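Remarks on the structure that follows.
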Ligand code: NAP
Ligand code: GCO
């Protein structure tokens, strides 16, 4: 029956990848407020340490693991540890990601592959590792962090757009393949969000004026601002909770309206 507890994550174990800071950290913090036990990983030990301190500062007891999400053996080992030390993963957020802004004809195949590896292959690897536990438990939530680039292209981000477009289809496929096992797999497509990943696009110019890309994004967003990591908290809690049990294979764009807008009329 639907009630206010339908949004509760009490007792749930949530694994958010690459969540030492930025979007993953904000989502994990929101999950903790709704009662979930927080597990995260990062590729560098110093980032895990930084993350653990940041969660502690928020009054959250988080479990942090050093793990490269592109390495299938490391992921399997980490998920086994999580299941033993914390519990079976009820909620997975595939958040870890990288971007390389390089014009396509200047990009090496190795650079292209690296982006696909972190942004697309890794969500496959981590999902594959947690789904058996979810099937055994009789429920599971997977949230893939997609992008505007799951729908749109732009100069210099060919690998990122290919990966995030692929991630949208992986989302639909996990839904198609495991919906019968009461697993819901959805995406969140953040618009342009203020995090270190987008800091180079917001750097002030030498004369103190806005970066042209910064001005472009504000003009392209009906909300007339960049998003904050806080903007993603409510949508993530919704998709992680029982309130969304019949929402499956969907990408929820949290973009201040960018995808709805043709752009400023002349
Ligand atoms: P981010 O800089 O993309 O942070 C992601 C985290 O993942 C970092 O801690 C990063 O560590 C970690 N990571 C990278 N490669 C990894 C690997 N192989 N194994 C484990 N961890 C790894 O920050 P963000 O902006 O918060 O982005 C989070 C997600 O949202 C990404 O998937 C991104 O593509 C997506 N997104 C961001 C925006 C935006 O506007 N910011 C918009 C749409 C979607 P390092 O610091 O060492 O790289
Ligand atoms: C870029 C940006 C974007 C955002 C985001 C948009 O260079 O265009 O980094 O790709 O990070 O993914 O949704």
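Taking segment 189-215 as the range and being more than 10 Å from ligand 2 (Cβ to nearest atom) and either closer than 23 Å to residue 121 by Cα or in contact with a helix residue (DSSP H, G or I) (Cβ under 9 Å, 6 or more places away or on another chain) (or both) as the test, the residues that pass are 194, 196, 202, 203, 204, 205, 209, 210, 211, 214. For the structure I just gave you, tell me whether residue 132 is in contact with a strand residue (DSSP E or B) (Cβ under 8 Å, 6 or more places away or on another chain), in the same structural domain as residue 35 (by the TED database) and either within 16 Å of ligand 2 (Cβ to nearest atom) or free of Cβ contacts under 8 Å to residues at least 12 places away in the same chain (or both). No: the conditions fail for residue 132. Please specify each residue of segment 82-112 satisfying the condition of being more than 15 Å from ligand 1 (Cβ to nearest atom) and under 25 Å from residue 26 (Cβ atoms). 85, 86, 87, 88, 89, 90, 91, listed by residue number. Within the option set 194, 151, 203, being surrounded by fewer than 21 Cβ atoms within 10 Å (Cβ to Cβ) and within 15 Å of the chain's Cα centre (by Cα) holds for one residue only, 194.
The values are calculated or read from the model by the stated rules, or taken from the named source; none is laboratory data. Quantities reported herein were computed from a predicted structural model and do not represent experimental measurements. Because the Cβ atoms are built from the backbone with ideal geometry, glycine has one as well, and the counts that use them run over all protein chains shown.
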